[in-house]
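Novice: Have a look at this one.
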Amino acid sequence: MNNVYTVQCIECNYIFGDFEDEFGKCPECGVQQPASGSWASKELEQIEILTASGKVSEAVDLAMELLYKSVDVEYGDWPFAHNLTNMIRELCEKENLTSQISQLDALWKLIEANQMGGDRERTVAYEKWRNSQ
Ligand SMILES: [Zn+2]
């Protein structure tokens, strides 16, 4: 068992298993867990504002920051990470932001290479790489 990416219940600290829905109800205390991405609603609003005012590159930078967070040990919010990735790709393609798209590709290559959720050594290596970015 590799439980590097654990998600805990906000109420009773129950640790969700690998195949349990950490965005549903806690099997222990029944409390509804926050929806995927709900921890970043303020930033998402900011991204929308930036995009609407034509500051797409800044919007993408902010979305990338969220993406780094969403795949880290603390959050591990994978559905949100995939949504963000789609959003970033769309914005980059629309605005032809090639350097940011390669940043995105590099991150996913690393995630796949590390098989995130794998052993601790790889996770530590990933965190080190992320902090150096
Ligand atoms: Zn609970």
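The values are calculated or read from the model by the stated rules, or taken from the named source; none is laboratory data. Note that the structure is a prediction, hence the values are computed from the model and not measured. Quick reminder, even Gly has a Cβ in these numbers, built from the backbone with ideal geometry, and neighbours come from all protein chains shown. Surface accessibility is based on the protein's heavy atoms, side chains included, excluding ligands, DNA and RNA. Shrake-Rupley method; radii C 1.70, N 1.55, O 1.52, S 1.80 Å.
Novice: Output the peptides 76-88, 38-50 sorted from most to least packed, where packing is the average of other Cβ atoms within 10 Å over each peptide's residues. Walk me through the intermediate numbers first.
Specialist: Numbers: 76-88: 19.0, 38-50: 15.0.
Peptide ranking by packing, descending: 76-88, 38-50.
Novice: Enter the accessible area per residue of the stretch 11-83 (Å², integer; probe 1.4 Å; all protein chains in place).
Specialist: I get 57 Å² per residue for the stretch 11-83.
Novice: In whole percent, and with a 1.4 Å probe on the protein chains, what portion of the accessible area of the stretch 14-56 is carbon and sulfur?
Specialist: 54
Novice: For the stretch 53-64, what does the Karplus curve 6.51 cos²θ - 1.76 cosθ + 1.60, with θ = phi - 60°, yield as ³J(HN,Hα) per residue in whole Hz, taken in order and with x for Gly and Pro?
Specialist: Residue by residue, the stretch 53-64 yields 9, x, 8, 5, 4, 5, 4, 5, 4, 5, 5, 5 Hz.
Novice: Over the stretch 35-108, calculate the relative contact order: mean separation of alpha carbon pairs under 8 Å at least 6 apart, over the residue count, as a percent.
Specialist: Details: 54 pairs, mean separation 20.1, N = 74.
Computed over the stretch 35-108, the figure is 27 percent.
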